[in-house]
Amino acid sequence: MSWDERIEEIHRRREMALAQGGPEAIERQHGKGRLALRERIHALLDKNSFAELGRGAGVAERDEDGNLTGLTPANFILGFGRIGGRTCVVGGEDFTVRGGSPTPAGLRKSVYAEEVALEYRVPLVRLHEGGGGSVTGSGGKGSSGPIGESVATGHRFNSVARTLGTVPVATAALGPVAGLPAARLVASHFSVMTRETAQVLIAGPAVVERALGVKITKEDLGGPAVHLKSGAVDNLAEDEEDALRQIRRFLSYLPPNVDNLPPVESCDDPVDRCEDKLATIIPTDRRKSYDQRKLIGMVVDRDSFFETGRQYGPGQIVGLARMNGHPVGIFGNDCRYYAGAMTAEGARKARRFIEFCETFHLPIVAFVDEPGFMIGPDSERAGTIRPGTAAVLAAASCRVPWCSVVVKKSFGVAAAAHYGNHAHVLAWPSAESGPLPVEGGVAVAFGREIAAADDPEAMRADLEARMAERQSPFPRAESFAYHELIDPRETRPMICQWLELNEHRIAALPGLGPRTFYTRP
């Protein structure tokens, strides 16, 4: 083959690769309400910014004279691109070729995604649809040994682990995702799945029925109703466009790697904005609930709050926002779920979020309304105390600046998860704190007296009212238990001032080196 012929073949291979699995396969993909992978990549990235790696990789078909007649492309597409003008690596399984189940070149490109993100120290985005584990080196189906084992190159997941500690990783489930791709999906800082088209599975219904005798659909086995509550996936998207939009937004708060600081944006939301509604958002009746997300929205830069993991551990609220253009982590409580009590799931969610903020140098702002760990037999069976203590220790070992605003309850050991090491503490007039909430404290301390009273309920109400008065924030402010007792309307300017005072500390965070977390219980 002459040099001209070889050059011509290079261009033909590239052209053939653009066809993916062919027009019919792409049409079937569209018929299921799903985009083809190249369409997804171009929808995610800034216009004309995709620079592909290994486009001509795949299995060539030749005639008797050795001339190229066709190409089955590697079914993993990988390359560089830009999101909001910033470089990233993006890759995903091509479901139009072998249903996304890895081919030899496809598997190599998939594994290489983390390596190239680490080498260039840029965020990694993985768009998942497909299933399967390993393939033989000859290209046939089968097992090449345990999936983590490779004598020549070391553990296949080593680069996955290193990536999570080095660059932001965001993933999406845009169709059925099973086996190895499912593991890659959850090995991320943020994951999202589409409402109608995505399922996440360790193994599909046929395998489950054969092994366990259970007949079940893919949707019931691993659809959004399952995995948003299981915590395997963070967010729900209405469709693929929404999923890609959420990934772009998530990455906008983060630095390209742990050697850099999160990007600060210009902000036209006044630093001294004081919302009158904050003065009355906490009900005077202690038994009534309120919407803490509305509270958060009135404090942070307008429309900047991006919540993650809402359906998992719903008593805890976590997400990203900006204060005067500075990215921050937001940690709060939803008192409409078990009064905001920390369950085992909520504790795991809080710990993961705290460690994420630590990794990428995000100051944390906590809006505290924590009644304590969830109690009762279900909570004990869930082993809540172990993940709960782990969350507390994650907060205790934080290096990022942390501001805690006590808006209502701050009780028990669980409350300690809402205060970082040397936290700056502000309190509202509605704040109440102590070892136990009023109701629990009265029941423990005066149980016998209440039972023996002529009117037990009247005595209980009187004792609870008196104890609530003693949990007032004013005596604590007088003893300097808070840095400041504030008018709720002052919350935004106070936090912005605190952030400004911490600019030098935030700037020094990348120089402290990679974060190594202590062993947790």
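The stretch 467-521 holds no helices (runs of 4 or more DSSP H) entirely within its bounds that carry 3 or more residues that are among the β-branched types (Val, Ile, Thr) and free of Cβ contacts under 8 Å to residues at least 40 places away in the same chain. Look at (1) on the phi < 0 side of the Ramachandran plot; (2) free of Cβ contacts under 8 Å to residues at least 40 places away in the same chain and you find that Asp303 fails only one, number (1).
For Ile317, the conditions (1) of a type outside the set (Asp, Glu); (2) in contact with a Leu (Cβ under 7 Å, 6 or more places away or on another chain); (3) not in a loop (DSSP other than H, G, I, E, B) are fulfilled apart from (2). Of the residues examined, Lys229 is one that is touching a Phe, Trp or Tyr at 6+ places or on another chain (Cβ under 9 Å), more than 30 Å from His504 (Cα to Cα) and open to solvent by 80 Å² or more (accessible area, probe 1.4 Å).
Examine the stretch 37-50 for a residue that is surrounded by 21 or more Cβ atoms within 10 Å (Cβ to Cβ) and either assigned to a strand (DSSP E or B) or among the charged types (D, E, K, R) (or both), and state whether such a residue exists. Checked the stretch 37-50: at least one residue is surrounded by 21 or more Cβ atoms within 10 Å (Cβ to Cβ) and either assigned to a strand (DSSP E or B) or among the charged types (D, E, K, R) (or both).
When each of Pro102, Pro73 is tested for being over 18 Å from Ala178 (Cβ atoms), crowded, with 24+ Cβ neighbours inside 10 Å and either among the acidic types (Asp, Glu) or out of contact with any Asp or Glu (no Cβ under 6 Å at 6 or more places or on another chain) (or both), the lone residue that passes is Pro73.
Is it true that some residue in the stretch 302-317 is surrounded by fewer than 22 Cβ atoms within 10 Å (Cβ to Cβ), of a type outside the set (Val, Ile, Thr), over 27 Å from Ala170 (Cβ atoms) and more than 17 Å from the chain's Cα centre (by Cα)? The answer is no; no qualifying residue exists. Pairing residues of the stretch 310-322 that are of a type in the set (Phe, Trp, Tyr) with residues that are open to solvent by less than 20 Å² (accessible area, probe 1.4 Å), at Cβ distances under 8 Å and at least 6 apart in sequence or on separate chains, gives Tyr312/Leu228; Tyr312/Asp234; Tyr312/Lys349. If I filter the stretch 201-211 for residues that are touching a helix residue (DSSP H, G or I) at 6+ places or on another chain (Cβ under 9 Å), surrounded by fewer than 20 Cβ atoms within 10 Å (Cβ to Cβ) and of a type in the set (Val, Ile, Thr), do I get at least one hit? So far as the stretch 201-211 goes, yes, one or more of its residues are touching a helix residue (DSSP H, G or I) at 6+ places or on another chain (Cβ under 9 Å), surrounded by fewer than 20 Cβ atoms within 10 Å (Cβ to Cβ) and of a type in the set (Val, Ile, Thr). Do you know which residues across the stretch 1-17 are in contact (Cβ under 8 Å) with a residue 24 or more places away in the chain and not in a helix (DSSP H, G or I)? The one that is in contact (Cβ under 8 Å) with a residue 24 or more places away in the chain and not in a helix (DSSP H, G or I): Met1. Checked against the criterion of being among the acidic types (Asp, Glu), at pLDDT 95 or above and in contact with a strand residue (DSSP E or B) (Cβ under 8 Å, 6 or more places away or on another chain), the stretch 340-352 has no qualifying residue.
Does the stretch 500-516 include one or more residues that are open to solvent by 80 Å² or more (accessible area, probe 1.4 Å) and over 30 Å from Asn324 (Cβ atoms)? Scanning the stretch 500-516, I find at least one residue that is open to solvent by 80 Å² or more (accessible area, probe 1.4 Å) and over 30 Å from Asn324 (Cβ atoms), so the answer is yes.
In the condition set (1) touching a strand residue (DSSP E or B) at 6+ places or on another chain (Cβ under 9 Å); (2) farther than 20 Å from Arg184 by Cβ; (3) not aliphatic (A, V, I, L, M), Gly22 is compliant with all but (1).
Considering the stretch 332-450, the qualifying helices (runs of 4 or more DSSP H), each wholly inside and each with 2 or more residues that are in contact (Cβ under 8 Å) with a residue 40 or more places away in the chain and surrounded by fewer than 24 Cβ atoms within 10 Å (Cβ to Cβ), run over 344-359, 385-396. For the stretch 284-301, the candidate set comprises residues that are part of a loop (DSSP other than H, G, I, E, B) and under 29 Å from Ser379 (Cβ atoms); within that set, the residue that is most open to solvent (accessible area, probe 1.4 Å) is Arg287. The listed residues are Pro262, Pro255, Pro224, and the only one of them that is over 16 Å from Ala172 (Cα atoms), touching a strand residue (DSSP E or B) at 6+ places or on another chain (Cβ under 6 Å) and open to solvent by less than 20 Å² (accessible area, probe 1.4 Å) turns out to be Pro262.
Being open to solvent by less than 80 Å² (accessible area, probe 1.4 Å) and assigned to a helix (DSSP H, G or I), is that true of even one residue in the stretch 27-34? The answer is yes; a qualifying residue exists.
Filtered by the rule that a residue be at positive phi and among the hydroxyl-bearing types (Ser, Thr, Tyr), the stretch 193-245 gives no residues.
When residues in the stretch 76-115 are screened for being out of contact with any Phe, Trp or Tyr (no Cβ under 8 Å at 6 or more places or on another chain) and in a strand (DSSP E or B), 5 of them pass. Per the conditions (1) under 28 Å from Asn260 (Cβ atoms); (2) assigned to a helix (DSSP H, G or I); (3) in contact with an Asp or Glu (Cβ under 7 Å, 6 or more places away or on another chain), the sole criterion not satisfied by Glu464 is (1).
The values are calculated or read from the model by the stated rules, or taken from the named source; none is laboratory data. It should be emphasised that the depicted structure is a prediction, and the values quoted were computed from it without experimental measurement. A quick note on method: Cβ atoms are made from the backbone with ideal geometry, for glycine too, and the neighbour counts reach across all protein chains shown. Calculation scope for accessible area: heavy atoms of the full protein, side chains included, ligands and nucleic acids excluded. Shrake-Rupley method; radii C 1.70, N 1.55, O 1.52, S 1.80 Å.
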